[in-house]
Structures are given as structure tokens and as C-alpha cells.
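The values are calculated or read from the model by the stated rules, or taken from the named source; none is laboratory data. In this text the structure is predicted, and so the values were computed from the model without any measurement. Reconstructed Cβ throughout: ideal geometry from the backbone, glycine too, with neighbour counts over all protein chains shown. For accessibility, only protein heavy atoms count, side chains too; no ligands or nucleic acids. Shrake-Rupley method; radii C 1.70, N 1.55, O 1.52, S 1.80 Å.
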Amino acid sequence: MKRFMAVLALPMTALLTMGAATTYPPGAPLVEVDASPAAGSSTTVTVRGCEPGENVTFDLQGNVSTVVVCDDNGEAATNLTVPNAAGSYSGTADLESSGFVLNFVLGVSATSDSPLAFTGTSINYPLYLAAGAMIIGIALVVVAKTRRPQHAVV
């Protein structure tokens, strides 16, 4: 019985001593990027958790550099111009006072002015054909049942 209690106590102790999942270091700022913007458009990059009044420098592939001041809510956001070619581009958000450098990846999707090509088939024609065959079959069964001769009972 003592072994049983010891076996139960060990996992319970492990469960009770586990902490909640947090970012390391605690209170570290995070960077968010809009998902898959189109080539040639603009996208919003946001840093959350920075110190109010802190300068945040946004850089995309070394080409675009923007400095934004963090607001009272601990957020700094900017609109970056997305490169014209589809692909994956890396960027950084450099927080000057706290010394954090946050990396982000921007996945750019290709743009197309023409609609996509039709590569499938339409289900309408086979569906109408099957429905018509069912109606004809039901009609033939009904006609066969009504035309069957009645046998006289003697």
C-alpha cells in the first residue's frame, strides 16, 4: 500500500510543481506580422511589450528602415512596403533602450491580375443525367405495376 501511495505521489508532485508556459525572459517583447501579404503591397509589423517612449527600428532585408516610438500601451507598429517579388524575407525590430532585437520572417505571395484557369469539370451534366435516369426508372416501375394483369380468384 505504501508503494502504491508513493507511486501516486510522484506524478502528483510533478504536476503541481510545473509552472505555466511563458516566454523567456519573462516580459520579453513580441513581434507580429500580417500573414502572407501580396507582392508590392504593404503590411503591418507590430511590436508588443516594449517600454513606453522607446525607439523601435524596423528593418526588412536591409532595404527598409523605419523608426517608430513605442506608445503608452507598450506597442509600436509600422507599415512596411512589401518587395515586388514573391518569396521569404527576413527582418528585424531593434528596441534601442531594452536592447532586444526581434527577428521576423515575411512570406510574400505572388500576385495575379488574371483569374485562375479552370482545371476541373462541372458536375452539373452528370448529375442531371443521373436524375433523369432515376425519374425514367421510377416511371417505368409505376407503369409496370399498373399494367400487370389481375388474376381472378376462384
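Heavy atoms of the protein only, probe of 1.4 Å, neighbouring chains included. What is the accessible area of GLU51 in Å², nearest 10?
The accessible area comes out at roughly 90 Å².
How much solvent-accessible surface does ASP72 expose, in Å² to the nearest 10, with a 1.4 Å probe and all protein chains in place?
Spelled out: ASP72, probe radius 1.4 Å, area about 140 Å².
Residues in segment 83-107, backbone N under 12 Å from the label point at VAL67 (7 Å along the Cα-to-beta-carbon vector): list them, ranges by number please.
Counting only backbone N, you get 96-97.
Run the numbers for THR57 and GLU32: contour at 0.36 nm per residue of separation, minus the present Cα-Cα distance, in nm.
Numbers: separation 25, 0.36 × 25 = 9.00 nm, distance 1.44 nm.
7.6 nm is the gain from fully extending THR57 to GLU32.
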